[in-house]
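Heads up, the thing below is written out as structure tokens.
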Amino acid sequence: MLEINKIYNMDCMEGIKLLEDKSIDLVIIDPPYKLTLSNRIYTKIFNKYANDLLNLKDGFDLRILDVLIPKMKKINIYIYCSKRQVKELLEYFMSKDCNYEILTWHKMNPSPLINNNYLPDTEYVVFAREKGVRLNGNYHTKRKYYISGTNQTDKKKYKHPTIKPLAFIENHIINSSNEGDLILDCFAGSGTTLVGAINQNRNFIGFEINKEYYEIAQTRINEAINSKRQASADEKTRNKL
Ligand SMILES: C[S@@+](CC[C@H](N)C(=O)[O-])C[C@H]1O[C@@H](n2cnc3c(N)ncnc32)[C@H](O)[C@@H]1O
């Protein structure tokens with residue numbers, strides 16, 4: 001059995017087995033993407049992150065979902081993915097009679113892609129939920145799209161090549177869980193989902209296989225907990241004045 005509100009430096013295929021059945025309220029994952037770009041174009045677009053990205057790509061296998069689903073109270077999951085993965089993910093969840101949405105993250109300043117392609121300015125998130133799972137949130141958190149820059153500041157700050165926007169992930173959390181719920185991210189990277197869970201008063205469990213990224217995520221988690229404590233201390237002081 002695993003303690004909650006922790007990230008574990010381990011392969012999620014091992015970690016998921018240690019989770020109690022029907023214990024997770026919401027899963028948010030951003031597994032390594034399936035990409036088709038050649039190494040040469042890849043290096044051109046992502047320059048200094050190219051090697052890291054090449055190590056990350058192609059690691060996701062749909063069979064992970066078969067292992068994950070029994071751990072969820074009900075299917076309630078966001079999966080960041082490439083365009084190529086959307087079809088297989090939708091087919092998978094349709095076969096489970098789920099409702100679904102395709103959400104998008106649009107980047108305003110993508111690298112200019114040469115040749116015969118549209119710009120690489122969109123990332124996809126497949127959201128699937130079993131019938132009966134509620135969607136909370138409001139007019140703003142329920143937009144299907146999120147627009148931002150390419151996250152260069154966060155990439156530099158947290159040294160992860162595929163860090164996702166915290167605000168977008170917090171919207172998923174607000175929309176698809178309640179305070180005190182347990183959220184799982186088994187490809188935690190720099191810990192964005194876990195920080196979002198802390199900010200939104202949810203519990204979390206994370207897995208990250210890479211030691212360096214695990215340590216970055218651990219630092220972010222500690223920072224998020226400390227700033228939450230500070231905010232609540234400040235609030236108490238204000239109320240006393
Ligand atoms: C796309 S990144 C996640 C980035 C994250 N969403 C963020 O905002 O920082 C995917 C992460 O999954 C990790 N990973 C890959 N295979 C894994 C496995 N079998 N178990 C746990 N983590 C894994 C990689 O090391 C990488 O950091």
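Just so you know, all these numbers are worked out from the coordinates, no wet-lab data involved. Predicted model, so just to flag it, every value in this text is computed and none were measured. Cβ coordinates were reconstructed from backbone atoms using ideal geometry, including for glycine residues, and neighbour counts include every protein chain displayed.
Place a label point 7 angstrom from the Cα of residue 135 along the Cα-to-Cβ direction, then list the residues of the stretch 63-82 whose backbone nitrogen is under 15 Å away.
76-79
Can you give the local net charge around residue 11? Use residues other than it whose beta-carbon is closer than 15 angstrom to its beta-carbon, Lys and Arg +1, Asp and Glu -1.
Details: positive: 17, 63, 211; negative: 14, 61, 185, 208.
Value of the local net charge: -1.
With Cβ to Cβ distances under 14 Å as the rule, what net charge do the other residues near residue 215 carry (K, R +1; D, E -1)?
+1
Between residue 215 and residue 23, take the C-beta separation as r, use R0 = 35 Å, and let me know the FRET efficiency to the nearest 0.05.
After rounding to 0.05, the efficiency reads 0.85.
Local charge sum around residue 203 (other residues, Cβ-Cβ under 11 Å, Lys/Arg +1, Asp/Glu -1)? Numbers along the way, then the final one.
Details: positive: 6, 202; negative: 3, 25, 179, 181.
Result for the local shell: -2.
How many percent of DSSP beta bridges within the stretch 6-240 run antiparallel, rounded to 5? Before the final figure, lay out the partial values.
Values: 14 of 31 bridges.
Antiparallel bridges: around 45 percent, rounded to the nearest 5.
Calculate the tail of P(r) for the stretch 158-241: the fraction of all Cα-Cα distances greater than 15 Å, expressed in %. The partial results should precede the final answer.
Values: 2065 of 3486 pairs.
Summing the P(r) tail past 15 Å for the stretch 158-241 gives 59 percent.
Return a whole-number percent for the relative contact order of the chain, with Cα pairs under 8 Å and 6 or more residues apart as the contact set.
Working: 419 pairs, mean separation 59.1, N = 241.
The normalised contact order for the chain reaches 25 percent.
Just grab the label-to-label distance for residue 201 and residue 148, each label 7 Å out from Cα along the Cβ direction, in nm (one decimal).
2.3 nm
Using a basic spin-label model with each label point 7 Å from the Cα along Cα→Cβ, how many nm lie between residue 73 and residue 167?
Inter-label distance under the simple model: 3.0 nm.
Place +1 on the Cβ of every Lys and Arg and -1 on the Cβ of every Asp and Glu in the chain, take the dipole about the Cα centre, and give the residue among 193, 94, 19 whose Cα lies farthest towards its positive end.
Among 193, 94, 19, the one farthest towards the positive end of the dipole of the chain is 193.
Report the charge-dipole magnitude of the chain in Debye, nearest 20, computed about the Cα centre from +1 at each Lys and Arg Cβ and -1 at each Asp and Glu Cβ.
640 debye
Along its principal axes, what span do the Cα atoms of the chain show, with the longest given first and each in whole Å?
Here the Cα extents, ordered largest to smallest, are 62, 43, 38 Å.
Taking the Cα centroid of the stretch 206-234 and of the stretch 89-164, what is the distance between the two, rounded to the nearest whole Å?
23 Å
Past 31 Å, Cα to Cα, is the threshold; run 17/96; 155/240; 73/240; 96/156; 164/228 against it and keep the listed order.
Numbers: 17/96 21 Å; 155/240 40 Å; 73/240 42 Å; 96/156 40 Å; 164/228 21 Å.
Going by Cα-Cα distance, 155/240; 73/240; 96/156 fall outside the 31 Å limit.
For residue 3, put the label point 7 Å out on the Cα→Cβ axis and report which residues of the stretch 166-195 keep their amide N under 12 Å from it.
Answer for the stretch 166-195: none.
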